[in-house]
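These notes concern the structure reproduced below.
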């Protein structure tokens, strides 16, 4: 053929195209490729002796560090006589990855509190060259509760790789987050994540806690029990501004599993003789 068309290839990738040579003469012929193109320098052999009335295939290797259309030719000789030109064509593309989705919504899955918010996103490499990547979390002033793994790695040619995204549940955990996917010497993508908590219903088993006859200067402890009667795990936080300075509640925030109970330890250390009746949020 007078044209070697490598088609769409990835930058810096090694590509092989077979050049079919047919000798229809009754004598041996010497084929010499006069190749000075830098992109074809990895071709291992440029001279071939072809027996009479036979054919052979010559492997031509193309590799280019430059993105864009490639359109150059080289000459060849037959028995040291000019034989013509062979045109080499290729479209050199940058490395890139594609995501199965640019937005991921995490919903509760399973009963394990710490790992129930999980989801996956898949990266696709549709090109003929390996791609290195790294995820960068975008940390806003509210913090970042999402994590992704693997956080960096390599996607092989014509392959895909699945990444798992998890959300760390908590009352103060931001329900939105973003990651930037950096492709080494390639494109940049953004992944938006959202945790969908669902409706929950929490009640006190005993709506009133009594600290009657608490001794002045000493600490008295009581317990309050939270019950999650909803259909999802619940996340709570005690509002400190609604408490008196002598009242402390531990833990101040936490998780109540689906259908479960959480015990709040409440301490009261009065410093003066007084009566009080407060509501805690």
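Could you grab me the full set of residues in the range 1-40 that are more than 21 Å from residue 78 (Cα to Cα) and without any contact (Cβ under 8 Å) to a residue 60 or more places away in the chain? I'd like the intermediate steps shown before the answer.
Restricting attention to the range 1-40, the residues satisfying the condition of being more than 21 Å from residue 78 (Cα to Cα) are 5-16, 38-39.
Matches in the range 1-40: 14, 16, 38, 39.
How many residues does the range 245-277 hold that are under 15 Å from residue 217 (Cα atoms) and in a loop (DSSP other than H, G, I, E, B)?
Adding up the residues that qualify gives 9.
Go through (1) free of Cβ contacts under 8 Å to residues at least 12 places away in the same chain; (2) assigned to a strand (DSSP E or B) and name the single condition residue 208 misses.
Status for residue 208: all satisfied but (2).
List the strands (runs of 3 or more DSSP E) that sit entirely inside the range 1-82 and contain at least 1 residues that are under 41 Å from the mean Cα position of the chain (by Cα) and under 30 Å from residue 155 (Cβ atoms). Step through it out loud before you land on a result.
Values: elements: 3-10, 15-22, 29-34, 47-50, 55-62, 68-78.
Counting at least 1 such residues, we get 3-10, 15-22, 55-62, 68-78.
Just give me the residues in the range 182-199 being without any contact (Cβ under 8 Å) to a residue 40 or more places away in the chain and in a loop (DSSP other than H, G, I, E, B), in sequence order.
199
Computed from the coordinates by the stated procedures, all read-outs in this text should not be read as laboratory data. Keep in mind the model is a prediction, meaning the values are calculated, not measured. Counting neighbours? That spans all protein chains shown, and the Cβs are built from the backbone with ideal geometry, glycine included.
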